[in-house]
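I have a structure here, written as structure tokens, and I will follow up with some questions on it.
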Amino acid sequence: MALLTDAAWMARALALAERGRGRTAPNPLVGAVVVSPGGVVVGQGAHLVAGGPHAEVVALDAAGEHGRGATLYCTLEPCCHVGRTGPCVERIAAAGVRRVVTAMQDPNPHVDGRGHAWLRAHGVAVDTGVGGLEAARQNAPFLTWIRANRPWTVLKTVTSADGFVGRRGERTKLSSPVADRWMQRQRAWIDALVVGAQTLIVDDPVLTARGPVRARPLTRVIVDWRGRTPPGARVWSTLSAGPVIMVVLDSTVQADPARFEAMRARGIHLDLQSSRDLGVVARGLASAGVQSVLLEGGPSLQQAWLDAGLVDHLQWLMASAELGEGVPMAAGVRRWCAGMPDESRQPLGDDWLIEGPWESVEGRQP
Ligand SMILES: NC(=O)c1ccc[n+]([C@@H]2O[C@H](COP(=O)([O-])OP(=O)(O)OC[C@H]3O[C@@H](n4cnc5c(N)ncnc54)[C@H](OP(=O)(O)O)[C@@H]3O)[C@@H](O)[C@H]2O)c1
């Protein structure tokens, strides 16, 4: 029987890494497989939760003595610094692993090639770049956060077949139950939801993840420079689901301090800004540990987020019904879709999902 290729083993490690999605932040997703010289899996594992053991350690623990002379496949360069757990490279060398294959270098400044170098210096052969593109896609939130100092951002919009996000001034149901369940699954793993003031006023959403299991609190961000959202908005009563942050201008708060003090007393976080600069808002979220954002709307805020160069990925759900008139979708999303290949369009219940990277260039790394 022919031995599997490095790429095939790495595909297995990448699939294992997915088990941690939504639970590992601020750490990346990582999967690892230990393969004996005869081509048998003797250990495997994933990093499942921040603070938990690293994937390499889980896989090597499972392999035990069978790790001697084996090859370790790992979706990210092993760490060489002492964080919440000990350095993985020492554990790998101590286990007698002969060769390490990684998908990519870890851009974390504490690692950044030093893990690979340490292993080579200690007699372990290292090959890197196997499955690198897939690994970069898988860890896009972590990589964007660490390289660009902002959250990886998915813009999601639901429109009628003729491109309206809803009737003016009226909450409008457009998506089918199948699409609704799919959207709730997106909310299950993302770090934060972002919406604009007008969406809160018109739709009064609760902005919680409903249906799928969510393992940790969900941060909700309301961009409301002028403090227009009503005190009775439903989202203000959902703090048990996670923090709610209102992004508001300093001048707005100074004009009515008692009102905002009352909001603070209710547990609502105020993110005071001196100008309407969304780049500053995004960097602030990154500093608070938010690695991924689902920008749910409405179209004005989405267009502003696009114009600021802060969007990485788009999801356009197009319902079958037409509205004839209403609030038009963000023009930038419509233009983006025109350049998307047919295979980016798939049925979702009665609706269509058009999904892909903002810069629809294959191979782009965040
Ligand atoms: N179908 C869907 O997927 C969906 C999802 C959400 C909402 N909606 C619908 O969309 C409508 C609301 O959308 P909308 O576009 O009117 O409002 P919106 O996007 O909800 O709110 C606009 C927010 O963006 C801010 N903003 C606008 N331009 C900006 C810029 N250049 N820089 C920084 N901030 C900027 C506004 O600030 P100011 O407050 O200072 O103006 C406001 O806070 C509602 O009808 C709702 O039902 C549909």
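No value in this document is a laboratory result; all are computed from the given coordinates. The model shown is predicted, which means the values in this text are computed figures rather than measured ones. Don't worry about glycine lacking a Cβ; one is built from the backbone with ideal geometry, like all the others, and counts go over all protein chains shown.
Sort Asp342, Asp162 so the one with the fewest other Cβ atoms within 10 Å of its own Cβ comes first.
Lowest to highest Cβ neighbour count: Asp342, Asp162.
Which listed residue (Ala13, Pro231, Gly349) has the Cα farthest towards the positive end of the charge dipole for the chain, taking +1 on Lys and Arg C-beta and -1 on Asp and Glu C-beta about the Cα centre?
Pro231
Just how large is the dipole of the range 134-190 about the Cα centre, in debye to the nearest 20, putting +1 at every Lys and Arg Cβ and -1 at every Asp and Glu Cβ?
So the magnitude is around 160 debye.
Follow-up. What does the net charge come to around Gly115 if you take all other residues with beta carbon closer than 15 Å to its beta carbon, with K and R at +1 and D and E at -1?
Result for the local shell: -2.
Here's a follow-up. To the nearest 20 debye, what charge dipole does the chain have about its Cα centre, counting +1 at the Cβ of each Lys and Arg and -1 at the Cβ of each Asp and Glu?
740
A further question on this structure: Excluding Gly96 itself, what net charge comes from residues whose Cβ is under 12 Å from its Cβ, given Lys and Arg +1 and Asp and Glu -1?
Local net charge: +3.
I need the shape label for the range 125-168. Rule: rounded when a/c is under 1.5, else prolate if a/b > b/c, else oblate, with a, b, c from the alpha carbon gyration tensor.
The shape class here is oblate.
Here's a follow-up. Throw me the Rg/Rh for the range 71-133, computed over C-alpha atoms with Kirkwood Rh, two decimals.
Ratio value, two decimals: 0.93.
Have a look at Ala330, Trp305, Ala282 and report the one farthest towards the positive end of the charge dipole of the range 212-366, computed about the Cα centre with Cβ charges (Lys/Arg +1, Asp/Glu -1).
Ala282
Could you list Ile245, Ile190 in order of exposure, starting from the residue whose Cβ has the fewest other Cβ atoms within 10 Å?
Listing Ile245, Ile190 from fewest to most nearby Cβ atoms yields Ile245, Ile190.
Using only the Cα atoms of the range 1-63, build the gyration tensor, take square roots of its eigenvalues as a ≥ b ≥ c, and label the shape rounded, prolate or oblate: rounded if a/c is under 1.5, else prolate if a/b is larger than b/c, else oblate.
oblate
Cut-off is 10 Å between beta-carbons; in what order do His47, His116 appear when sorted fewest neighbours first?
Exposure proxy ranking, most exposed first: His116, His47.
Okay, moving on. Below 13 angstrom from the Cβ of Arg23, what's the summed charge of the other residues (Lys, Arg +1; Asp, Glu -1)?
Its environment carries a net charge of +2.
What residues have an amide H closer than 5 Å to that of Val247, excluding those fewer than 5 places away on the same chain, when H is modeled at 1.01 Å from N in the peptide plane?
Ile222, Val223, Asp224, Asp271
Next up: So what does log10 I(q)/I(0) come out to for the chain at q = 0.06, 0.08, 0.11 Å⁻¹, using the Debye formula with one equal point on every Cα and no solvent?
Log-scaled intensity ratios, in q order: -0.27, -0.47, -0.81.
Another question about this same structure. Only Lys, Arg, Asp and Glu count, each charged at its Cβ (+1, +1, -1, -1), so figure out the dipole size of the range 6-138 about its Cα centre, rounded to 20 debye.
Approximately 120 debye in magnitude.
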